[in-house]
Amino acid sequence: MITRFPACVFLASSAVAAVIGTNSAALPLTEARISALPQTQQAAWREYLTRSARQMQTDHEALEAEVTKAGLQAPLKAPSGSAAKSIPLDKPAEWYGSTEARHIADIIVSFQTPAGGWSKNLNLADHLRRLGEHFTPDNSSPVPGVADFDTSSDPKWEYVGTLDNDATTTELRFLEKVAGAARESVADAARWRDAMLRGLEYVLAAQYPNGGWPQIWPLQGGYHDAVTFNDDAMTHALELLRDVAEGRDTFAKVPTALRSRARAAVVKGLEVVLATQIVVKGDRTAWGQQYDMLNLTPAGARNYEPPSLTSGESASLMVYLMAEPQPGKAVIDAVRAAAEWLRQTAVYGKAFQRGPDGRKLIPADGAGPIWSRFYEIGSDRPIFGDRDKTIHDDVNEISLERRNGYSWYNAGPKAAMDRYAGWPAASGTPAKK
């Protein structure tokens, strides 16, 4: 369990101020950091870093070769959009055997990176990838001149293979549905299934030696190298691999050896989930959005995302843990503690609404529960970051651009709490560390 707090600079918790601290950059995985590890741990991490760099080079060379072959000066732009909307997972089972679904599956296969993953924010219902077309749309910062702690050396090569924004796991689930709905006589069924298997290999290859997952693989550097629960990146990877391991739906057709590797990856991933639940004064609480990959301490990400306890990702991890078919004591204790933390941090009588001067937190009789996205570790007070790296204790005092452009309060965790109320193992007092 985490007992160390992040290196982010905060003012005293008792202070009432517009600015209470300053965010600091997360550290990437580097050879120098690996060399500082105990000798017995270095080989596995060094092999991982070398393999990542080699795959990054392979991905670059593959696109460069296409650009040259097509006679282009630069890669063609990829279509931007929401992959989750362009490749739906909630259609009736028969729809996945339709011409429309098969066409989307073909597009998905065409945009699969050489490493086996997919970029985020792609419109995968638009067109088949063309020779020399980039694997990723423009995912740079929407605010000119703001780097958001992103240390990528190439702004035109970002998120080329990622778990962020439901990428890769959504494509894999869609391919599984389409391949499963196809009759054996459908010539493309094998191609869809082969792409899915390559994608599963990608997810397994991206897992860190200790069981966590970065946001992007091959590694891009900066905060992207952190073990990432943000936007449920690692949680979705674990959910997918658990379904593969258990042979749910047509994942039963996945080769036995690959299913066994998926099962082992889930076991390692669960160890990280349990190890990263933050402990304050001996009591388990919830989880952060990111963690340093080597020491598993809470880490920041973009300028406005400080190391903290986070409600949404913690709720998703609760749901994941509650789906364990035979939860052990450690899992039960973790869920109970997280539920208690969410109960204590719920906000009533307020609403985060848009008005003439932007979104603000305002009094609202009978409203709630809602939760702040971030809470300070140790005090549980809501905290809010801004583009200039400042950390505030009042959402109404951050910039208009950030107030309007981020989900600082929402009711999302309520669904997890409702599910917890019906969870057979819910009764009991959360155990201390």
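Considering (1) in contact with a Lys or Arg (Cβ under 9 Å, 6 or more places away or on another chain); (2) in a helix (DSSP H, G or I); (3) surrounded by fewer than 23 Cβ atoms within 10 Å (Cβ to Cβ), the lone condition that SER260 does not fulfil carries the number (1).
What's the total number of residues in segment 67-87 that are out of contact with any Asp or Glu (no Cβ under 8 Å at 6 or more places or on another chain) and either under 19 Å from ALA115 (Cα atoms) or without any contact (Cβ under 8 Å) to a residue 24 or more places away in the chain (or both)?
Filtering segment 67-87 for residues out of contact with any Asp or Glu (no Cβ under 8 Å at 6 or more places or on another chain) gives 67-74, 82, 85.
Right, trim to either under 19 Å from ALA115 (Cα atoms) or without any contact (Cβ under 8 Å) to a residue 24 or more places away in the chain (or both) and you get 67-68, 71, 73-74, 85.
The total comes to 6.
I want to confirm something. Restricting to segment 256-280 and keeping residues that are touching a residue at least 40 places away in the same chain (Cβ under 8 Å) and of a type in the set (Lys, Arg), which single residue is nearest to PRO413 (Cα to Cα)? It comes out as LYS268.
In segment 380-393, the residue that is most open to solvent (accessible area, probe 1.4 Å) out of those that are under 19 Å from ALA25 (Cβ atoms) and of a type in the set (Lys, Arg) is LYS389. Take the conditions open to solvent by 10 Å² or more (accessible area, probe 1.4 Å), basic (Lys, Arg) and under 17 Å from ALA426 (Cβ atoms) and apply them to LYS268. Does it pass? So LYS268 fails the test. Residues that are more than 19 Å from ARG354 (Cα to Cα), more than 24 Å from the chain's Cα centre (by Cα) and at pLDDT 95 or above occur at least once in segment 404-422. Evaluating ILE377 against the criteria (1) open to solvent by less than 30 Å² (accessible area, probe 1.4 Å); (2) part of a helix (DSSP H, G or I) leaves one unmet condition, (2). Among the residues making up segment 215-257, those that are within 23 Å of MET318 (Cβ to Cβ), in contact with a Phe, Trp or Tyr (Cβ under 9 Å, 6 or more places away or on another chain), assigned to a loop (DSSP other than H, G, I, E, B) and not polar (S, T, N, Q) are ALA226, PHE229. If only residues of segment 178-208 that are more than 22 Å from ARG263 (Cβ to Cβ) and open to solvent by 60 Å² or more (accessible area, probe 1.4 Å) are counted, the one that is farthest from the chain's Cα centre (by Cα) is SER185.
Screening the candidates ALA415, ALA426 for the property of being surrounded by fewer than 17 Cβ atoms within 10 Å (Cβ to Cβ), aliphatic (A, V, I, L, M) and part of a helix (DSSP H, G or I) yields one hit, ALA415. Of all residues in segment 313-321, none satisfies being closer than 23 Å to ILE370 by Cβ, in contact with a Cys (Cβ under 6 Å, 6 or more places away or on another chain) and touching a residue at least 60 places away in the same chain (Cβ under 8 Å). Counting only helices (runs of 4 or more DSSP H) that sit wholly inside segment 15-90, those with at least 1 residues that are out of contact with any Lys or Arg (no Cβ under 6 Å at 6 or more places or on another chain) and over 24 Å from LEU128 (Cα atoms) are 31-35, 39-69.
Filtered by the rule that a residue be of a type in the set (D, E, K, R), over 17 Å from HIS236 (Cα atoms) and either touching a Leu at 6+ places or on another chain (Cβ under 6 Å) or assigned to a loop (DSSP other than H, G, I, E, B) (or both), segment 280-338 gives LYS281, ASP292, ARG302, GLU305. List pairs: first residue in segment 383-407 and without any contact (Cβ under 8 Å) to a residue 12 or more places away in the chain, second residue outside any helix (DSSP H, G or I) anywhere in the structure, Cβ distance under 6 angstrom, at least six positions apart or on different chains. Pairs that qualify, where the first residue is without any contact (Cβ under 8 Å) to a residue 12 or more places away in the chain and the partner is outside any helix (DSSP H, G or I): there are none. From the list ASP138, ASP150, the one residue that fits, being closer than 20 Å to GLU66 by Cα, open to solvent by 20 Å² or more (accessible area, probe 1.4 Å) and at pLDDT below 95, is ASP138.
The residue pairs whose first member lies in segment 340-366 and is on the phi > 0 side of the Ramachandran plot, whose second member is open to solvent by 60 Å² or more (accessible area, probe 1.4 Å) and β-branched (Val, Ile, Thr), and whose beta carbons are closer than 9 Å, counting only pairs six or more residues apart or on different chains, do not exist in this structure.
The values are calculated or read from the model by the stated rules, or taken from the named source; none is laboratory data. Bear in mind that the values here come from a model prediction, so they are computed numbers and not experimental data. With ideal geometry, Cβ positions are generated from the backbone for all residues, glycine too; neighbour counts draw on all protein chains shown. These area figures cover heavy atoms from the full protein model, side chains too; ligands, DNA and RNA do not enter into them. Shrake-Rupley method; radii C 1.70, N 1.55, O 1.52, S 1.80 Å.
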